[in-house]
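Rule-based calculations on the coordinates, nothing more; no lab input. Just so it is clear, the structure is predicted and the values come from calculations on it, not from any experiment. Don't worry about glycine lacking a Cβ; one is built from the backbone with ideal geometry, like all the others, and counts go over all protein chains shown.
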Amino acid sequence: MKLGVNVDHIATLRQARRGKYPDPVEGAILAELAGCDSIVCHLREDRRHIQERDVYLLRKTVKTKFNLEMALHEDIIKIALDVKPDQVTIVPERREELTTEGGLDVVRFSEIIKEYMKKFQGNGIKVSLFIEPDFSQIEESKRVGADFIELHTGRYADAKNEDEMYKELNKIIKATEYAISIGLRVNAGHGLDYKNVGNICKIKGIEELNIGYSIICRSVYVGIYQAVKEMKEIIDKNERKDN
C-alpha cells in the first residue's frame, strides 16, 4: 500500500501571512526523501492555500507521482491541461467549506465528468474520482471511464463511537471489494491519522492512501521528514500483520 502526502496545509500556514515560507515545494521534496510514493495538492478555485506557482513548481520537482486534486472549474481545468500532472483527482468543492465535506456525485454529473475525463486522458493524465463508498457511485465511475476511484474515509475518521466506526469501515471494505470486482483501481483518503489509519491499511485491494492534514500537524513537532517516515512505517506494519 502506497502513501500519497498532501502538502496543502504547508501552504495554509504560508498564506496566513501571504509570505514565501513555509514552501510546500520544499515540503514535497522532504516527503519524497522520507519515502512517500506520491505528492498531492489541491488547487482550489479560491486559492486559499495552494497557488498556481506551487502547481507548476511541483510538476517540475516531484520525482514520484504528482496528483492534482481539483474541481471541474474552467480555469483549474486549463491549468491542469497545461501542467499535465501524472494524475488528477476530481473532487467536489464549495467555497464555504473548511475542507472537502464528501464525495463527488458522479451519478448526477456523469456527462460533464465524462467529457472532461476524455480531455485529461487524451493528454496522458490518469483520472481518479473522489467518491463515497456507495455502489451506485462506483458503478457510474466505471461507466464514465475512471482510471481510479478514491474512497472518502471522512465518515469513518469522524465516527463518534466504536459501533459507528466499524459500520463506516465495513462500507469501505465492501465498496473496495465491489470496485475491484468490476475492474476499478482503488485509493482512499480524508481524515486519516496516526491512530485510525491501521484499520484502513488492512483492507486488501486499496493501492494508495492520500493523507495530508495529520502529517503536516505532526511535522510541527518532529519535522516533515520524520512525520512522513512514521506514517509510512505504520502503513507497512499494519499491512504486514494482515498478510
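Data overview
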quantity: Distance between the stretch 138-200 and the stretch 1-16 - C-alpha centres, whole angstrom; calculated: 21
quantity: For the chain, built as a Gaussian network whose Cα springs stay under 10 Å, the top-fluctuating residue of 115, 139, 52; calculated: 115
quantity: Ascending count of other beta-carbon atoms within 10 Å, so fewest first, for 50, 29; calculated: 29, 50
quantity: For the chain, size of Cβ-based charge dipole, Lys and Arg +1, Asp and Glu -1, in debye; calculated: 620
quantity: Ranked list, fewest to most other Cβ atoms within 10 Å of each Cβ, for 225, 156, 56; calculated: 56, 225, 156
quantity: Whole-number percent relative contact order across the stretch 2-242, with pairs defined as alpha carbons under 8 Å at least 6 apart; calculated: 19
quantity: Charge dipole (the chain, unit charges on Cβ, about Cα centre) - positive-most of 61, 43, 221; calculated: 61
quantity: Protection proxy ranking, peptides 128-136, 161-169, 173-181, average beta carbon neighbours within 10 Å, highest first; calculated: 128-136, 173-181, 161-169
quantity: Cβ-based exposure ranking for 9, 152, in which fewest neighbours within 10 Å come first; calculated: 9, 152
quantity: Computed magnitude of the charge dipole of the stretch 187-243 (debye, nearest 20; Cβ of K, R +1, Cβ of D, E -1); calculated: 160
quantity: From the C-alpha gyration tensor of the chain, square roots of 5λ in Å; calculated: 25, 23, 16
quantity: Loop-located trypsin sites (Lys or Arg not before Pro) in the stretch 102-165, at most 11 other Cβ atoms within 10 Å (DSSP); calculated: 108, 160
